[in-house]
2 protein chains.
Amino acid sequence: MPTMTDVAKRAGVALSTVSYALNGTRPISDETRQRIFDAIEELGYKPHALARGLASKRSRIIALLFPNSERGLGFTEFEFVTSAANAAKENQYSLVLWSYDMHDLPELLQLTQQGLVDGVVVMEVHQHDKRIAMLREMGFPFSMIGRSDDADGMGYVDIDFHQTMQDAIDHLAGLGHHTIAFVNQSESAFSAGYGPVVRSQVAFERITQERGLDGITQFCRTAPNAGYNAFNALIEAHPDLTAIISLNERAVPGILQAVAERGWSVPDDFSLVVVVSAAGMAEMIIPPLTALEPLTNDMGRRGVELLIHQLEGRAEADPQALIPCRLVVRSSTGPSPLIPARQRVTVSR
Amino acid sequence: MPTMTDVAKRAGVALSTVSYALNGTRPISDETRQRIFDAIEELGYKPHALARGLASKRSRIIALLFPNSERGLGFTEFEFVTSAANAAKENQYSLVLWSYDMHDLPELLQLTQQGLVDGVVVMEVHQHDKRIAMLREMGFPFSMIGRSDDADGMGYVDIDFHQTMQDAIDHLAGLGHHTIAFVNQSESAFSAGYGPVVRSQVAFERITQERGLDGITQFCRTAPNAGYNAFNALIEAHPDLTAIISLNERAVPGILQAVAERGWSVPDDFSLVVVVSAAGMAEMIIPPLTALEPLTNDMGRRGVELLIHQLEGRAEADPQALIPCRLVVRSSTGPSPLIPARQRVTVSR
DNA sequence: CTGTTAGCGCGTTCAT
DNA sequence: ATGAACGCGCTAACAG
């Protein structure tokens, strides 16, 4: 591997001149620049990333903090990752996937202190997030996918859960549904203050109330059989229920199964809309699901761009972005079934 | 940030002694070692990753080559990524996600020459893979998830497609199915020599022939509507068809839909088994799919371990691993329907 | 506009 | 068993 010294010799200039030519850090005459680039070309020279990082104190590496929770990342989160990787590369940064236990603060501390990365993008942010508190206290550059409660002035991209929930509810209400359940994720995620779970919950309660609808909440583990049980519990307690909004991708198959076992069909007898679920997911189901799909590409991308702008001192007019979800009507939602048509089935339980 | 010099001063030893103590590169008296570690503790010293990498010529960073193909990565591939990330971290390596255009050789060349990573794990390997040829020619350390045709002596983890296909076929044959179709991925992937597509295809043809079964091949784009069309084409040309094996996750919803539209039900009238599809996927479908599930965790993990062992000169007894898939019987396969029961439906087309 | 030089933080050879 | 000193490849003052 040729080094910068080799290039300098070949071009007949000083080492530093090569450096300046490469980084554009100071003006170089066209003629010498040409000689330098010729030499680089001929030698096949490539700057050494580590050496550059050591000297400049900027590695051009960022980390995506990636919790290896048992819950497991879903399809949607995966798309954050790939879009983040793409965005990093487009900005000439490398993206390291830092898989770690969310509660292991010491490990995060180490990451920030070993000088490997210039900043971090934090995923799965909670309302009171110790990691955020720590990073901020240290003054270590970061951005969030999601947001904590004390996120004022800090850079984040998050989904606009209120708007999303409103769109979902209005879609159903527009179809005549009046009693609507929200199948959230687990109650423990709620207690832990996991952003999407809490914000959606709050929005659901508020909006159903504003609209004068009958809104029912059901927490549910993120697994098909949990969805199955959730539906049965709901329908038993609320025979008028005609529609579900689910923030819980993994529960959906169970819900559908329970619906089918009752002899009902979707969307004729029951409607289901998933919120904050990637398109790839909604299309895997039969019937294809009506969904509120986040622009996942924007999420990962914006997250790293926010961080990079911050690292490069480029002021960001508005470092906070709430991304809307797009309503895609597929085949899992329809008009509310009429009450009479329903009762015969309900009793057959 | 304290440096090694600070530690040395505080412990009253030479800089190099600290280095030796840290790396265990040479014997240190218990007493001075203790002093050194005390100093490290008190100062909160953390070795600087870049400096260490520069000096040692080993960055302890590896890259996962991650094609950003239009086709999009599926659930299954995603699990490779997360398991690779976990394995890297357990071995004290950082994993950078290198998203790039598979055909952009210059970019790969650059990655290997900029001194950032010690080696790469290549995903989505093709039979004649220019990337592999290049890496090998350069002598750059790498391992593969998948394998090329000339993989002799090189490290890889791949799925045992032959065994997997055999298990799938035998499962169906055991249920009395005789005419079985294989819904592969796109023909262009086949022509391009994409490993899973080619190897599964070969295995399918060979095994059905050995078993005296009627094996039909159907290429199919990786999208639901393509699956829909594929099924209709198949059933029209082969009215005896009673079962499908699919390597094509994304096509499954379309297939199921087409089956349903024919008034058939799964698994009573038709059986479907997916191969090489992560459990998370098979459970998202209704009915839950009988599947041959790869131990995805092992795939990503073994890929990075192979690479790391190679980097650290630890001889690997057998640097090649064929991972089997596990047959999980769910609700999409059943006994072959009897011919008579069938015909009335077939004509109603 | 260009050259000289001192680090960046750590690994490692050579002495002792 | 320990120290001193050099070098990894590059950036960024400082000096013309």
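Calculate how steeply helix B:296-311 sits against the longest principal axis of the alpha-carbon atoms of chain B, using the helix alpha-carbon long axis, and give the answer as 0 to 90 degrees to the nearest 10.
40
Would you kindly derive the ³J(HN,Hα) couplings of the range A:249-264 from the backbone phi angles with the Karplus curve 6.51 cos²θ - 1.76 cosθ + 1.60 (θ = phi - 60°), listing them in order in whole Hz, with x for Gly and Pro?
3J(HN,Hα) across the range A:249-264, in whole Hz: 3, 5, 7, 4, x, x, 4, 4, 5, 4, 4, 5, 5, 7, x, 9.
Fully extended, how many nm does the chain gain between A:Ser29 and A:Glu236 (0.36 nm per residue separation, minus their Cα-Cα distance)?
Length gained between A:Ser29 and A:Glu236: 66.4 nm.
Restricting to bridges with both residues inside the protein assembly as shown, how much of the DSSP beta-bridge set is antiparallel, in percent to the nearest 5?
15
Find the sum over both chains of the accessible area lost when B and A are paired, probe 1.4 Å, and report it in Å² to the nearest 100.
It comes to approximately 4200 Å² buried between B and A.
Amide H neighbours of A:Ile323 under 5 Å, at least 5 residues apart or on other chains, H built in the peptide plane: list them.
It is A:Asp158, A:Ile159, A:Asp160, by chain and number.
What is the calculated FRET efficiency for B:Arg314 to A:Ala315, with r their C-beta to C-beta distance and R₀ = 56 Å, to the nearest 0.05?
0.70
Can you compute the radius of gyration and Dmax for the range A:47-159, using only the Cα atoms, both in Å?
Taking only Cα atoms of the range A:47-159, I get Rg and Dmax of 14.1, 42 Å.
What do you get for the angle between helix A:30-43 and the principal long axis of chain A? Use alpha-carbon atoms, 0 to 90 degrees, nearest ten.
So the helix axis and the longest Cα principal axis differ by about 70 degrees.
Just to be sure I understand the model, the point goes 7 Å from the Cα along the line to the Cβ. What's the resulting A:Ala55 to A:Ser188 distance in nm?
5.1
Could you run the Karplus curve 6.51 cos²θ - 1.76 cosθ + 1.60 with θ = phi - 60° over the range A:156-165 and give me ³J(HN,Hα) per residue in whole Hz, x for Gly and Pro?
Once rounded to whole Hz, the list reads 8, 10, 9, 7, 7, 5, 5, 4, 4, 5.
Placing the label point 7 Å from Cα along the Cα-to-Cβ direction, what are the distances from A:Glu41 to the equivalent spots in the other copies, shortest first, in nm to one decimal?
Once sorted, the set of distances for A:Glu41 reads 6.0 nm.
In whole Å, how far is the Cα centre of the range A:233-269 from that of the range A:76-105?
Each part's Cα centre sits 35 Å from the other's.
For the range A:166-180, take each phi angle, set θ = phi - 60°, evaluate the Karplus expression 6.51 cos²θ - 1.76 cosθ + 1.60, and give the result in whole Hz per residue in order, putting x for glycine and proline.
Once θ is set to phi - 60°, the couplings for the range A:166-180 become 5, 4, 5, 5, 5, 4, 5, 4, x, 8, x, 6, 10, 9, 10 Hz.
With the solvent-accessible surface defined on protein heavy atoms using a 1.4 Å probe, which residues belonging to the range B:1-44 display a reduction of at least 40 Å² in accessible area in the multichain context relative to the isolated chain?
Residues passing the criterion (a loss of at least 40 Å², heavy atoms only) are B:Met1.
Net charge near A:Leu306: determine it from the other residues with C-beta under 12 Å of the C-beta of A:Leu306, scoring Lys and Arg +1 and Asp and Glu -1.
Overall, the nearby charge balance is -2.
Taking amide hydrogens as modeled 1.01 Å from N in the peptide plane, which residues meet the under 5 Å criterion relative to B:Ile244, leaving out close sequence neighbours?
Here B:Ala181, B:Ser271, B:Leu272, B:Val273 satisfy the definition.
Between B:His128 and A:Arg206, what is the FRET efficiency for a Förster distance of 45 Å, r being their Cβ-Cβ separation, to the nearest 0.05?
Calculated value: 0.15.
Report, by chain and number, residues whose modeled amide H sits under 5 Å from the one on A:Gly119, excluding near sequence neighbours (fewer than 5 apart, same chain).
Counting only residues 5 or more places away or on other chains, the set is A:Ala63.
Can you pull the percent of the protein assembly as shown's accessible area that's carbon plus sulfur, 1.4 Å probe, other chains left in place?
Accessible surface attributable to carbon and sulfur in the protein assembly as shown totals 50 percent.
Measuring from a point 7 Å out along Cα→Cβ, what nm distances, shortest first, does A:Pro106 have to its partners in the other copies?
Counterpart label points of A:Pro106 in the remaining copies fall at 4.8 nm.
Please work out the Cα center distance from the range A:115-177 to the range B:1-22, rounded to the nearest Å.
Computed from Cα coordinates, the inter-centre distance equals 41 Å.
Can you give me the relative contact order of the range A:255-316 as a percent, contacts being Cα pairs under 8 Å and 6 or more apart?
Value for the range A:255-316: 21 percent.
Contact order normalised by length for chain B, with contacts defined as Cα pairs under 8 Å and 6 or more residues apart; what percent is it?
17
What's the local net charge at B:Asp38, with K and R +1, D and E -1, over the other residues with C-beta under 14 Å away?
-1
What does the copy distance list look like for A:Met1, label position 7 Å along Cα→Cβ, in nm and ordered from shortest?
Listed shortest first, these distances are 2.0 nm.
Hey, what's chain A come to in accessible area per residue, 1.4 Å probe, Å²?
Accessible surface, normalised per residue, equals 42 Å².
Residues of the range B:78-95 losing 10 Å² or more of accessible area relative to the isolated chain, 1.4 Å probe, heavy atoms only?
B:Phe78, B:Val81, B:Thr82, B:Ala85, B:Asn86, B:Lys89, B:Ser94, B:Leu95
Per Stokes-Einstein, at 10 °C and 1.306 mPa s, what whole-number D in µm² s⁻¹ belongs to the range B:273-335, with the Kirkwood radius over Cα pairs as the hydrodynamic radius?
In µm²/s, the coefficient rounds to 119.
Just for chain B, what percent of DSSP beta bridges are antiparallel, to the closest 5?
That works out to approximately 10 percent antiparallel.
Return a whole-number percent for the relative contact order of the range A:2-119, with Cα pairs under 8 Å and 6 or more residues apart as the contact set.
Across the range A:2-119, relative contact order equals 25 percent.
The values are calculated or read from the model by the stated rules, or taken from the named source; none is laboratory data. From a predicted model like this one, the values you see are computed outputs, not experimental measurements. Positions of Cβ are backbone-derived with ideal geometry, glycine not excepted, and every protein chain shown enters the neighbour counts. When the accessible area is computed, the model is the full protein with side chains, heavy atoms only, and any ligands, DNA or RNA have been set aside. Shrake-Rupley method; radii C 1.70, N 1.55, O 1.52, S 1.80 Å.
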